[in-house]
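Notes follow the structure.
The values are calculated or read from the model by the stated rules, or taken from the named source; none is laboratory data. What you see is a predicted model; the values in this text were computed from it and never measured. Methodologically, a virtual Cβ is constructed for each residue, glycine included, from the backbone with ideal geometry; neighbour enumeration extends over all protein chains shown.
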Amino acid sequence: MPGEVIHRPNPQPLPSLIDDHVLQLAVKLDKQKLDESTYTGLQEFRRAANYIAAAMIFLKDNVLLERDLQFEDIKPRLLGHWGTCPGLTLVYSHLNLLATQRKQDIIFVVGPGHGAPGSLSSLWLEALLVDLYGVEKGGQASCMQTIGELLDQVMVDNPKSMRIFWPDKLVSNKLDAVFNHTGRNFQWDEFSNARGGRVIEILSEHTCQGMLQGYTLNGRTGLFPSYESFFGIIHTMMVQYSKMQQDGASVWKFASTDYGLNPDVVIVGIGAELTFEVIEAAAMLRRLTLSLRVRVVNVTDLLILKREGGHPHALSHEDFDALFTADCAIHFNCHGYGDEIKGLLFGRPRLDRASVASYCEEGSTTTPLDMMLRNGVSRYHVAEAAVRGAAKKNEKVRLDMHETLSDIRHDLAKMHEYIMANGKDPADTSDTPFFDSKGPTHRDVGYADREAGLVL
C-alpha cells in the first residue's frame, strides 16, 4: 500500500478471511524442528547466496563493500531480477538439505532466466562451477604479449598461408612471441635471408601494405598491425586500394572446372559463409561426377545484378552474360532474403534459368552448418541445385542425375545425423578444399600457391 512502512523483518500475516470449516480441511503437516547448527547453516547459506546474487545484478565494482557505495559502482544495465532470487536460494538450500538427509537425487528446475543470479550464486558457493569456470590464480598479463602468443600459434597452424607485414616494430610492441617458431625474411644478412621466415619487416608503411595487398589478393591471409600514429597514412592507402575493387563480382577460377570455361551450370555465392558453401559444393561435385562442368562466381556488390541502366553499378547485358553465361542454369546462394535477389534480377532476360536459395526464417540454437542445412543453403543443397541445372544442358549429367542426387542426399542425412548426435559440426567443416586435376582435398594453402607453384 502507498506509504506502508515495514519496520521489522518477517511480519506476521493478517488474520485469514477464509471460513473456519474450510481451514479445517487444510493438510496438517508434522513440523519437525531443525537442530540449531542445521538451521544456522541454512540461514547463513541463504544470506551469502542472496548477497552474491544482489552483487551480480547491481554492482560492477566494490562488490565486497570495502567502502561506501557510489553511483559509479552500479552497473548501467541490470541483468536479472532481484525479487525472485531470495525465493530461489530458499528453495535451493532446502532441497540441498533434503538431498543430504534423505540421500536422494534431486533436480532443481528453474524457469526463465531472470533469477539466474540466485541459482548461480548458490552453485558458486558449493564450488560446482569450478569445472566450467576455472579459478583465476591472480597475476598480471600483457595484452600485447598474449596476442603475440596467439599469433605465434596461428603461424604454426598455417605455415604456408599466413604472413605478418610490419614496419620494424614487432619487438617494441611486444608481439615478438611470433618469433618462437619463425623468423624475419626479406633481410640482408646471411642468417635470415631467404630462410623461409613468415615475418617481413620494412620501415615503410606503403611498401608493407602493397605486399599485404598482393598477398591477400592471391587467396592467402596477411596481418598488418599498426597503431594511432600511422592509421592516418594507412587509411589513405586503403581508400586508394578500395577504388580498384569495383567489379563487384568475379569468376573464382580455382574452384571452377577448367577455370570456368564452357560450364554446364553457374553457382553463385553471396556473403562469406554462403560463398564457402558454394566452394564446398564445387569440391563435392568434382568427387561425385566428373562429367559436370561448373563455374563458381562470387558477388560482392549486389547492385550489379540489376537490369542494365537500373543502377550505375548494374552490368550491361553483354557483361552479365559474360559472367553468368547466356544459356546456363544459374543458382544463387545468398545470406539475405531471396526476394531481394529476385527483385534485383527483375528485368534481366532469360530468368527462367535462375534459382535462388536464401535465408527462410529457419533458426535454432544449433551449429553453423546445421543452420545452413535448415535453410536449404548448405553445400549439399547447392550441389543438388547444380546437378539439376546442369542436367538441362549435359546429357551425361542427366543420365546419372538420380544416382548423383541420391549420393548427395545420403551425405546430407549422415551429416545431420552426426550433428544431432554430437552437438557440433565435424572438425573439418571449415577446412578450405584444395582443387587439382586429381580432385579436391583440404589444405590451408592459398590457391595461388597451388596454381603457380609459389610460396611467398
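May I ask you to list the residues in segment 362-413 that are under 18 Å from the mean Cα position of the chain (by Cα) and free of Cβ contacts under 8 Å to residues at least 24 places away in the same chain? Hits for segment 362-413 are E362, G363, S364, T365, M371, R374, N375. Identification of helices (runs of 4 or more DSSP H) wholly contained in segment 17-111 with 1 or more residues that are closer than 24 Å to L125 by Cβ, touching a Cys at 6+ places or on another chain (Cβ under 7 Å) and in contact (Cβ under 8 Å) with a residue 60 or more places away in the chain yields 36-58.
Screening segment 61-91 for residues that are among the charged types (D, E, K, R) and modelled with pLDDT of 90 or more and picking the one that is nearest to the chain's Cα centre (by Cα) gives D61.
Search segment 419-446 for residues being surrounded by 12 or more Cβ atoms within 10 Å (Cβ to Cβ) and not in a loop (DSSP other than H, G, I, E, B), and hand back the single one that is modelled with the highest pLDDT. So, considering only residues that are surrounded by 12 or more Cβ atoms within 10 Å (Cβ to Cβ) and not in a loop (DSSP other than H, G, I, E, B), the one modelled with the highest pLDDT is I419. Scanning segment 303-326 for residues that are surrounded by 19 or more Cβ atoms within 10 Å (Cβ to Cβ) and not hydroxyl-bearing (S, T, Y) yields a total of 8.
Screening L288, L303, L323, L274 for residues that are farther than 18 Å from S250 by Cβ and either touching a residue at least 12 places away in the same chain (Cβ under 8 Å) or in contact with a Lys or Arg (Cβ under 7 Å, 6 or more places away or on another chain) (or both) leaves exactly one candidate, L288.
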